Structures are given as C-alpha cells and as structure tokens.
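Inspection log for the structure reproduced underneath, given as structure tokens.
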Amino acid sequence: METVAKISSVTKQFGKITALKDLTMEVKRGQAVALLGPNGAGKSTAISILQGLRKPTSGTAQLFGHPAGSPQAMQKVGVTPQTADFPVQVTPRELLKLATSHFDEPHSIDYLIETFGLAKTIDRRIHGFSGGEKRRIALALCFAGNPDLVILDEPTTGLDAQSQLDFQVIAQQFIKNGGSMVLTSHYWPEIEGIADHITMIDAGKTVLTGAIADIKAAVGLSRIKLKSPNPGAFISANFIQQGSHWTNIADDSDTHIKQLISSGEQFSELTVMPIGLDEALDVYRAAQH
Amino acid sequence: MTMKTTFAHIKFHFIKLLRTPAFWAPTILFPAMLYAFFGSSLPPAGIASQMAIASFCVYAVVGITFYQFGIGIAQDRESPFDSWLKTLPNSSKPNGIAQVVTAITFAMIAVGLVLAVSTVLAKTTLTPQMIIGLLGACVLIAIPASLMGLALGFAASGRAAPALANLIFLPLAFLGGLWIPPIIMPEVVGNISTWTPTRQMAEIAWSTISGQAPSNFTMMMFAAYTAAFAILVYVLIARDKNKRFG
C-alpha cells in the first residue's frame, strides 16, 4: 500500500523545550490514523509539521513523496483551519472560491454546499455565524481541493451531535473511496467511528502505534451490561452499578454469562460488547508496562 | 502560482476591504477632506495651491499604504485563517500581490479624489505633465511607505498596531510638511522636518510641480530611508517566521 504521509525521526525543539523527540509515523493510502495523546503531548506540533507550517529541527516530514508544505504535496492535501475563525466580511461561497482557486481539480462549489449542508448560509456574510456553522465551513474548506489526504485537527468541535454523525459518514465515505486521513480528536466515539489506526504520543515520543482492531483484539475484553431490579450477591459482587444498570468488564464474557444464568439471578436487557478504545488503550498500555 | 489564484486573492482582498467602510472611508476620504479644509483656501492660480495638492496626494499614498500594511499584516499574523491560507498550495505570492494591488488601487483612488476636489472646489488645476509626474512620484513614494507599514505590521501586535500607526503617521505627516508647508513651521520643528522620511517624500512630490529636480540630500535621504526600512522588514519577517513557523 502506498505511503501518503511519513514523519521520520522528527525532533522539534522550541528553545530548550523538546516538543517532539524522534517521532516516526506513517499513513498509507486508505488509512485513517488518529493521533492521540494527552494535552501537551506534541500532537499539534506534529500536525503543524505535516501541514508544512513548522519545520522539524531534525528528521523529515513528507507527503506523497514531497516535503510537507511544498506546493506539490499540498496540491493533494486538505487541512482544516486550527480554529474556525474566518474574515467576517465574506460569505462561505467567497471563501470556497478562494480555496478552490489553488487546486488543479477541486470539487465544485455545489458539491461542497450539498455535502457539508451549507445551503442556508452559503451567501450570507460570516458575521454572526454560530460555532457549528463556522465549523461546517472549515470542513468544506478542507475538502474543497478534492484531496487525497486530509489533516483534521479537532474537526467536529462545536458541532451538534447530529452534525458530528453526519461528518462521520462523510469521513467514512472518503476513506472508503481511497482517501487517507490524519485526525486528532477528544471524542472517543468519533475516533472509533472514523479511524482504523492510532498513533499515540506522549511527551513528544511515539508510545503506541497500530490498528485499532488489533489493539482491541489483543486486549480481548468485553463489557457486560444488564438490568436487575434486585441484584443478588453474584451481580453486586462482580458488577458496578450505573443508574438502573449493572456493568462488568470481563475477558471471558461467555463464562460470565453462564455463571449468571446458573446463579438464578433475575436480570434483563443483557448486552455484551467490546470495550471502548479509551479503556482498551489503558489496559493495553498497562499490560505493556 | 497561476493567474486564476492571483485574481481570486485580489478579488477576495477587495471584497474584504470594500465591506469594511470603517477602514476605507476615512483613509480614502480624509486626504481630500483635509485638502478642502487647508488647501482650498489658497489662491487658486498660485503655486502654493498646486504644492498643497501634491502634499495631500503624498498624505493619501503614505497614509493608505502605511495603514493597510501596518494594521492589516499585524492583524493577519494573529489570525488562524492566515495560517490556514499558508497550507494552500502556492498561496503566499498571490496573497502578497493582492495586498499590494489593493493598497495601490485605494491609494490611487484617494489621489484621484484630491485632484478632483482641487479642481471642483479650489479651481486649481495641474498641467497634464504635472499630473503624470505626481502620479509617478506617488508610485515611488509608495515603496518606502509600504515598507514602513510592513515594518510596523511585523513588529506590533494586532491590537497595538492601530494606535501605533496613528502615533507614528500623524506626527510624521505634520513634520513632513504634508499639512502645512515647512516654511511656516517654527524653526525647531522645521529643522526636525528636514530629517523625516515624509519630508523627503514630499520634496519629491513638490519637485514635480516646481519642475526643479529634488536635491541630492533629498534623494540620498530617500534612498537611505528606503534601504533602512527594507532591512528592518527583512529582519522582522525572519523573526516572525521563526516565531510562528520555525
């Protein structure tokens, strides 16, 4: 599979502060890689190096075999503005026209209006737009050039729940059509809904990288959730109460359920599902240490 | 860089500025208005009246280029939108060209208004030769004035730039003899005036009316100021680039 983005042994220093230390990551065609890590881990620095806005102190960053930030590289790349803060005198249509003028084969304005739900706002001046409306423009600008790779820094911050789900569908479709993505987000459902790989960084270093499915499979834990009006000793001993429900994380859910049934406890609304990525990562990293 | 991209940036800059009347109305109208207050009372047929036209044309060009680059760039530097523009392929040159084109266009509109007011209100006219010479001088003057603006834009914060621009430009306009002729300034002020960049700009503009070439001192000072501003801008851009994108 073709490598579309590659950061090789990148170190970035700001004076005496080392923001990135020997960071390496790779994105292949058709992959959606979530860049994870706590605040101050170096995610934004890594993103800005990929965007060509910052230069590494050492190491290299390449997109499609060209230096990050070069016109040849950026012709195939879409970027969301860091914050959706646009000149208020102009309309979204005027912004999109400016953006598309830089690309050889951009999307049509009509396509962008329809895909990102801009019909109501497209010819209104941005002054007075809500955060969500501005965020939709930011996403449309990112995809305006018909990119092969998009770099999304907190793409759905400020969007309502439905718009977040709408964006997940757009992103999934983009990946399905062979596009690639680098994404940062604080919303775990969004990360799991879009990304198939993760690169976790902490203190500027890569601490974990791999496919989400592989990490979850390696952890192998499931969440058992049930409702019990009058839990007996078995349920209350192994499960944690969450409202009217009881939950437990188990490595062997089949055995657990068999024990539940044989114990004669009364329960309903039983669900068994893999644990979330955030929990899986905690377990995975704890096991590594 | 394509023509399509450059035109898109020029159009975008014009739209932004035209929809900000609080910016363009005072900067375009002020020079003509001040000429109407100070210059139009001079005898219409005299050289003093024609010199006043040249002074207010310089005021228009320096004011617009200095304010547009000074305040515009200082505010752009802090804007996430400006950073995003840099991620578009080949955006820096078209964006820069668009800023220059809009500044020169607005400056020329302001110069045109001064000429129109002088003809209509003061009945003072310039010969075609004087007008051509004056327009040429305005283009030349725009170079150090733009560099001065760029220096401010890359040195000051977006919030401080408007106040600093006023603090720098208004005294320089007065000291340079753009509002009142240096000959009627108090001696001390007149001595200071001789050394200001705006005075050299004004001398060059006045020479197109008087028909006498500017003095060597004026041309040397003009060149020295232009070079000094250019070096300052170069240093400040490098500092800014390192700070924001290094």
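The numbers here are math on the coordinates, done by the rules we state, and not lab data. Not measured: the values here are computed from a predicted model. Quick reminder, even Gly has a Cβ in these numbers, built from the backbone with ideal geometry, and neighbours come from all protein chains shown.
Where is the GNM fluctuation largest for chain A (alpha-carbon springs, 10 angstrom cutoff): A:Met273, A:Met74, A:Met200?
Comparing A:Met273, A:Met74, A:Met200 in a Gaussian network model of chain A, the most mobile one is A:Met273.
What are the extents of the Cα atoms of segment A:1-72 along their three principal axes, in Å, largest first?
Extents along the principal axes, in whole Å: 37, 25, 17.
Compare the peptides A:109-117, A:3-11 by average per-residue count of other Cβ atoms within 10 angstrom and give them in order, highest first. Mind showing how you got there, number by number?
Values: A:109-117: 17.3, A:3-11: 19.6.
Listed from highest to lowest mean packing, they are A:3-11, A:109-117.
Could you work out how far the C-alpha centroid of segment B:1-67 sits from that of segment A:8-75, in angstrom?
Segment B:1-67 and segment A:8-75 have Cα centres separated by 45 Å.
Convert 20 °C to kelvin, take the viscosity as 1.002 mPa s, use the Kirkwood radius over C-alpha pairs of segment B:3-245 as Rh, and evaluate the Stokes-Einstein diffusion coefficient in µm²/s, rounded to a whole number.
This corresponds to a translational diffusion coefficient of 116 µm²/s.
Take A:Arg136, B:Arg19 and order them by how many other Cβ atoms sit within 10 Å, fewest up front.
Final ranking by Cβ density, sparse to dense: B:Arg19, A:Arg136.
Could you pull out which residues in segment A:128-153 have an amide N less than 18 Å from a spot 7 Å beyond the Cα of A:Gln173, following the Cα-Cβ vector?
Zone members listed by number: A:136-150.
Normalised by the empirical 2.2 N^0.38 Å for globular proteins, what value does the Cα Rg of segment A:141-217 take?
Computed over Cα atoms of segment A:141-217, the ratio equals 1.14.
Please report, in debye to the nearest 20, how large the charge dipole of the protein assembly as shown is about its Cα centre when each Lys and Arg carries +1 at its beta carbon and each Asp and Glu carries -1 there.
Computed charge dipole of the protein assembly as shown: roughly 1280 debye.
Just list whichever of A:Lys6/A:Lys216; B:Lys4/B:Lys93; A:Lys205/B:Lys241; A:Lys6/A:Lys76; A:Lys55/B:Lys93; A:Lys16/B:Lys243 have alpha carbons separated by over 18 Å in the model shown.
Working: A:Lys6/A:Lys216 25 Å; B:Lys4/B:Lys93 13 Å; A:Lys205/B:Lys241 26 Å; A:Lys6/A:Lys76 14 Å; A:Lys55/B:Lys93 20 Å; A:Lys16/B:Lys243 14 Å.
Over 18 Å Cα-Cα: A:Lys6/A:Lys216; A:Lys205/B:Lys241; A:Lys55/B:Lys93.
Which whole number gives the average count of other chain Cβ atoms within 10 Å of the Cβ atoms across peptide B:77-86?
Average per residue, whole number: 6.
On alpha-carbon atoms, Rg over Rh for segment B:121-246 using Kirkwood Rh?
Details: Rg = 16.7 Å, Rh = 16.1 Å.
Ratio value, two decimals: 1.04.
Given the options A:Leu270, A:Leu50, A:Leu208, state which has the largest fluctuation in a GNM of chain A using a 10 Å cut-off (strictly under) for Cα springs.
Of the options given, A:Leu270 has the highest mean-square fluctuation.
Would you pull out the residues with amide H under 5 Å of A:Gln31's amide H, same chain only if 5 or more places away, H placed 1.01 Å from N?
It is A:Met181, by chain and number.
What is the set of long-range amide H partners of A:Thr206 at a cut-off below 5 Å, with H atoms built 1.01 Å from backbone N?
Under 5 Å from the amide H of A:Thr206: A:Thr24.
Inside 10 Å of the C-beta atoms of B:10-21, what's the mean count of C-beta atoms belonging to other chains?
Going residue by residue through B:10-21 and averaging, the value is 3.
Under 5 Å between amide H atoms, partner at least 5 residues away or on a different chain: which partners does A:Val79 have, H built in plane at 1.01 Å?
Long-range HN contacts for A:Val79: A:Ile151.
With an 8 Å cut-off on Cα pairs and a minimum separation of 6 or more residues, tell me the relative contact order of chain B in percent.
27 percent
Give me the Å³ per residue figure for the convex hull around the C-alpha atoms of chain A.
165 Å³
With 10 angstrom as the radius, rank B:Ile141, A:Ile175, B:Ile132 by how many other C-beta atoms surround their C-beta, starting from the fewest.
Numbers: B:Ile141 25, A:Ile175 19, B:Ile132 12.
In order of increasing Cβ crowding within 10 Å: B:Ile132, A:Ile175, B:Ile141.
Show me, bin by bin at 10 Å from 0, the whole-percent P(r) of segment B:16-67 based on Cα pairs.
25, 45, 22, 7, 0
What are the ³J(HN,Hα) values, in whole Hz, obtained from phi via the Karplus relation 6.51 cos²θ - 1.76 cosθ + 1.60 with θ = phi - 60°, for each residue of segment B:167-180 in sequence order, with x given for Gly and Pro?
In residue order, the calculated couplings are 5, 8, 6, 4, x, 5, 5, 5, 5, x, x, 7, 9, 10 Hz.
Rank the residues B:Leu140, A:Leu159 as a footprinting-exposure proxy: fewest other Cβ atoms within 10 Å of their Cβ go first. Display every interim value, and only then the final one.
On the way: B:Leu140 16, A:Leu159 20.
Listing B:Leu140, A:Leu159 from fewest to most nearby Cβ atoms yields B:Leu140, A:Leu159.
What per residue convex hull volume, in Å³, comes out for segment B:1-141 when only alpha-carbon positions are used?
Working: hull volume 15.8 nm³, N = 141.
It is 112 Å³ per residue.
What do you get for the angle between helix B:197-210 and the principal long axis of chain B? Use alpha-carbon atoms, 0 to 90 degrees, nearest ten.
50 degrees
Convex hull over the alpha-carbon atoms of segment A:220-288: what's its volume per residue in Å³? Kindly include the intermediate steps, with their values, before the conclusion.
On the way: hull volume 6.0 nm³, N = 69.
Per residue, the Cα convex hull of segment A:220-288 comes to 88 Å³.
Return the tail of the calculated pair distribution for the protein assembly as shown, meaning the percent of Cα-Cα pairs more than 46 Å apart. Working shown, then result.
Details: 48085 of 142845 pairs.
Cα-Cα pairs in the protein assembly as shown separated by more than 46 Å: 34 percent.
Say each of B:Ile131 and B:Ile180 gets a label point 7 Å from the Cα, pointing the same way as Cα to Cβ; how far apart are those two points in nm?
3.2 nm
Relative to the longest principal axis of the C-alpha atoms of chain A, give the angle of the C-alpha long axis of helix A:161-176, reported between 0 and 90° and rounded to the nearest 10°.
That helix lies at roughly 70 degrees to the long axis.
By average Cβ neighbour count within 10 Å, what is the ranking of B:179-190, B:112-123 from highest down?
Answer by packing, highest mean first, reads B:112-123, B:179-190.
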